[in-house]
Every structure is written in C-alpha cells, then in structure tokens.
Amino acid sequence: MQHVHAFGDDALGDLDAVGLADAIRTGRISRSEAVEAAIARTEAVDPVLNGLAYAAFRQAREVAEGKAGTRGFFAGVPTFLKDNVDIAGQPTMHGTDAWTPWNATSDSEFTELFLATGLAPVGKTQLSEFGFSASAEHPRLGPVRNPWNTDYSAGASSSGSGAFVAAGVVPIAHANDGGGSIRIPAACNGLVGLKPTRGRLPLDAMLRRMPVAIVANGVVTRSVRDTAAFYREAERVWRNPKLAPIGDVAGPGKQRLRIAVLTRSVQRECSPQVRELTLKSAGLLEELGHRVEYVDQPPVPASFVDDFVLYWGFLALAQVRAGRRVFGATFDRSRLDSLTLGLERHSARNMHRLPLAIMRLRRIRRRTAKFFGTYDVVLTPTLADETPRIGYLAPTDYRQVIDRLIDWVSFTPLQNVTGEPAISLPLAQSADGMPVGMMFSADFGQEALLLQLGYELEEARPWARIDA
C-alpha cells in the first residue's frame, strides 16, 4: 500500500476552491503562487498516480502573469480539464494513443464556460479510452492510481481529475459522466461528484445529437460548497432557460425529505460491507429527521442492463468506424483496447436490436418520474462493491471485463438515461480505509435539493481526509 498526497504548507495549503479564490482575491497569495504550487504538486505525485494527460504549464503561467487575463469568481484557481474536451492549442486524445496528437483550433462550448468562471487549467487529465470503462487502465498509457492506496483504481472515466483533486494537486477539476464518470471517481477517491440534470451545462454538438443524451459535464471537488459555487458561477455565464435555476445554494435546507433507500440495483444486491455502510447512512438521515423508507427494487425494467450495454456499444462503434474521418489519417484501430473493440463488435452483431433498446431506454423516465411522485430523494451506494485493485478491470479480455464492469457499476447509469441529477458523497469508508461513496438522486432539475442535503450530511459527518 502507498498513500500519496501533495498537501503541504505552500500557497494551496489545504484550501478548497472557494477558500483559494478568496485568498487570491484578497491578496493573501498571488495567482502565480497558486499556479506554481499546483505545477509543483503535479510533478510530485504524477509519477505515481499517472493522472496527467497533457501538461499546460506554460499556458497556465501566462494566464497567472496576466498575459492572458482572466476574470470570474474563481479567477486564478488552478484546475484541470479532462482530456475529452477541446481547449485551443492543446491536443485532445480521449484516453487513447490510437492516432498522432494534434492541437485543437478552438475551445469547446463547455471549455468556454469553464474558463469564464476564472478557473485556470494547468493541464488535461487522463481517462479510460473514450470513457468506456469505469477504471483507467490503458495497456500502453498505464493505469491511473488511487491516492488513498495506489494498489487500487482511481475509478473512471474521469480518473485523473478524481485522483488529482483527492491528492490535493488542485481543489476542483472538470469531469463528465456518461454512465457514472463523475460519480464513480468521486466515490473511489473520497470526493463530491454531482452529475447535473440533462441540459444543465452545455455539451458539444456531437453529444447533443445522441439518440439518448446520456453525457453531462460537471466537476469533482473536496467540499459541497465548491460544487455549489461552481454551478452558481456557471449559471451566471450560461443557463438553460428550460430548467429552473440552481441559484446560490449556501447551506443545508430546512425541509425534511422523503427518502427511499435501495441497496439492490436492477441486477444485484450490493456487497455485504457496502450494504451495511448504506444502511448506516440511512440511519444518519433518520437521525437528522428525514423520513426514510426501504425499497426492494428500483423502478427499472429487467431489460435495462442489456439495453444500456448495447447503446454503450453503439457509441463505441461510432467512434471506431468514424476514426479516420474524425481523428485523421494516422488513426489506427489496432491500437484501441479490447473493451472499445469488444463493444464495437457487440453493437455490430446486435444492431437490429438497437432501435427497440433506445425506445425502452427513453421510456424509463416515465417510471422514475412516477417514483419521484412518492419520494424526494433516493439513496443507493454509488457502486455495488468496494473499489477494485489495479488489474481487476484491465481491458484485456472483453467478455471478462464487461461482466465485471456491469457487476460493479450497477447503480450509476440509470440517471444518465433518465437525465435526472445525482450526487456521490464520501460518507463512508471500507474496513481497509478506502472511501465508499453514497449516491443521492432526485427528480429532474432538483440539484439545489441535493446540494442542500449534501451540506447537511457534510456537517453531520465530515468527510475523511487523505492527509489526516
């Protein structure tokens, strides 16, 4: 076991993003000092964690020195963008090495919003190939390791962001989520990870055109207030008029909630230890005065798993078949990992089933909307089992890894299909000291409710600290 973090007595200290923004704004530290500390911390832990996809140190220094000025609430706070969104002048490799890198010519729509909040990227973080796996263990790029114990996975697909925020390299980083990829690394690394309502934050045009728009952008943080502040500031830059605003959520809510507790996904009961920790979290909710009810089954049809895997495979097929057109003449499908290629084959063989699968996935929102007519919030574990060791989810044998992924990631994909918000909170730890996330989901547009509940739980049971 190796416990890795970068917290120290430099300019970043142990400040969260809100605290760091205040320190910069009041002149206690400079932007340059914050960026230099983040660079030094990156260089200290990345040889072990392997979370860095691209170092943008020069660009970050120019921003900090005022050569490319930035404004916004988070002005000067160092961060990372995940390496599946474009930032002008930097390559976007999507967690693979299957083509020769080339620099993006412009920022993506989300990147524009992200930078407008004042956040200052010092680089891009690693992910699993195209975000298809819940663990980043690329056969040539190497695994992204968990700072709580480097023998274990950092989760995925936003693995590098999760590992770096947990290790104290930066207080906040971009993540996105097409099947749990904000919430899974949050759970594995002891962080707060909110997947917002569909349409809450902008997406690239290709993602908006998906038959089921499962992807959402967001962030991973070490505190609820950082997540709340990011959405407040993002909303000041760009807001979807079809959704009620989240607003400035600054503390716990007074409303006592009707909370359903589920320890069984559509296909399995979670592990005994995870079940016990989930029930302990439910007990805390009862102590706080919420009305808790235990529910046997989620409102999801038995076809859900097969339909989601087929749709996931369709996304892989689209990436592989369009590879040379999208990524250039150097694209080499033989360099893709076995999970990507296995998903592509699965989709190609079952393409005749896809239209009906998409129709069934779209209809699930009717079931969950009815469920939220009875309950305000649903509590489940974020993941069905404890965080696995490096190698368990390595993309070597497709059949083995897909079965293991389906088994582990059995709670998070539902909200990607329905579009509802869900947040993973680091409420628990396993017997061996690893973080275990608890997931709270709510009805469409109810992020403020989840953030208020997060504040309350953080006050009642403060998160474990990696540097304690």
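Points to keep in mind about this one:
- Selection count, segment 1-54, where residues are within 29 Å of Pro388 (Cβ to Cβ) and not aliphatic (A, V, I, L, M): 14
- Just so you know, in segment 47-62 the residues that are of a type outside the set (A, V, I, L, M) and in contact (Cβ under 8 Å) with a residue 60 or more places away in the chain include one that is most open to solvent (accessible area, probe 1.4 Å), and it is Tyr54.
- Listed by first and then second residue, the pairs linking a residue in segment 266-280 that is over 12 Å from Gln429 (Cα atoms) to a residue that is assigned to a helix (DSSP H, G or I) and modelled with pLDDT of 95 or more, with Cβ atoms under 6 Å apart and 6 or more places separating them unless they lie on different chains, are Val266/Phe304; Gln267/Val305.
- Scanning segment 76-129 for residues that are hydroxyl-bearing (Ser, Thr, Tyr) and surrounded by fewer than 19 Cβ atoms within 10 Å (Cβ to Cβ) yields Thr100, Thr105, Ser106.
- With respect to being β-branched (Val, Ile, Thr), farther than 23 Å from His3 by Cα and outside any helix (DSSP H, G or I), Ile423 fits the description.
- Qualifying residue in segment 409-419 (condition: at pLDDT 95 or above, of a type in the set (Ser, Thr, Tyr) and closer than 20 Å to Val144 by Cα): no
- Residue ID - surrounded by the fewest Cβ atoms within 10 Å (Cβ to Cβ), chosen from residues in segment 130-154 that are farther than 24 Å from Val35 by Cα and charged (D, E, K, R): Arg140
- Flag if Asp248 is touching a residue at least 12 places away in the same chain (Cβ under 8 Å) and either within 21 Å of Phe372 (Cβ to Cβ) or open to solvent by 10 Å² or more (accessible area, probe 1.4 Å) (or both): yes
- When segment 7-45 is filtered for residues that are open to solvent by 20 Å² or more (accessible area, probe 1.4 Å), part of a loop (DSSP other than H, G, I, E, B) and not acidic (Asp, Glu), the ones remaining, listed by number, are Phe7, Gly8, Ala11, Leu15, Thr26, Gly27, Arg28, Ile29, Ser30.
- Within segment 393-422, residues that are of a type in the set (Gly, Ala, Ser) have Cβ atoms under 7 Å from residues that are part of a loop (DSSP other than H, G, I, E, B) and open to solvent by less than 10 Å² (accessible area, probe 1.4 Å) in these pairs: Ser410/Ser265; Ser410/Ala384; Gly419/Thr197, counting only partners at least 6 apart in sequence or on another chain.
- Within segment 188-201, being touching a helix residue (DSSP H, G or I) at 6+ places or on another chain (Cβ under 6 Å) and in a helix (DSSP H, G or I) holds for one residue alone: Asn189.
- Arg256 vs. criteria closer than 24 Å to Gly178 by Cβ, part of a loop (DSSP other than H, G, I, E, B), open to solvent by 40 Å² or more (accessible area, probe 1.4 Å) and at pLDDT 95 or above: no
- For Ala316, the requirement of being farther than 30 Å from Pro435 by Cα, in a helix (DSSP H, G or I), of a type outside the set (Val, Ile, Thr) and open to solvent by 40 Å² or more (accessible area, probe 1.4 Å) is not met.
- For segment 275-313, filtering for residues that are within 16 Å of Leu453 (Cβ to Cβ), in a helix (DSSP H, G or I) and over 22 Å from the mean Cα position of the chain (by Cα) leaves 6.
- Cβ-Cβ contacts under 6 Å between residues 6 or more apart (or on different chains), taken from a first residue in segment 351-376 that is open to solvent by 20 Å² or more (accessible area, probe 1.4 Å) to a second residue that is polar (S, T, N, Q) and not in a helix (DSSP H, G or I), are listed as Arg360/Ser303.
- Extreme residue, farthest from Ala167 (Cα to Cα), among residues of segment 58-100 that are in a loop (DSSP other than H, G, I, E, B) and of a type in the set (Phe, Trp, Tyr): Trp99
- Filtered residues of segment 145-187 (kept if within 8 Å of the chain's Cα centre (by Cα) and assigned to a loop (DSSP other than H, G, I, E, B)): Ala156, Ser157, Ser158, Gly180, Ser181, Ile182
The values are calculated or read from the model by the stated rules, or taken from the named source; none is laboratory data. All values reported here derive from a predicted model rather than from experimental measurement. Cβ atoms come from the backbone with ideal geometry, glycine included; neighbour counts cover every protein chain shown. These accessible areas exclude ligands, DNA and RNA; they are computed on the full protein's heavy atoms, side chains included. Shrake-Rupley method; radii C 1.70, N 1.55, O 1.52, S 1.80 Å.
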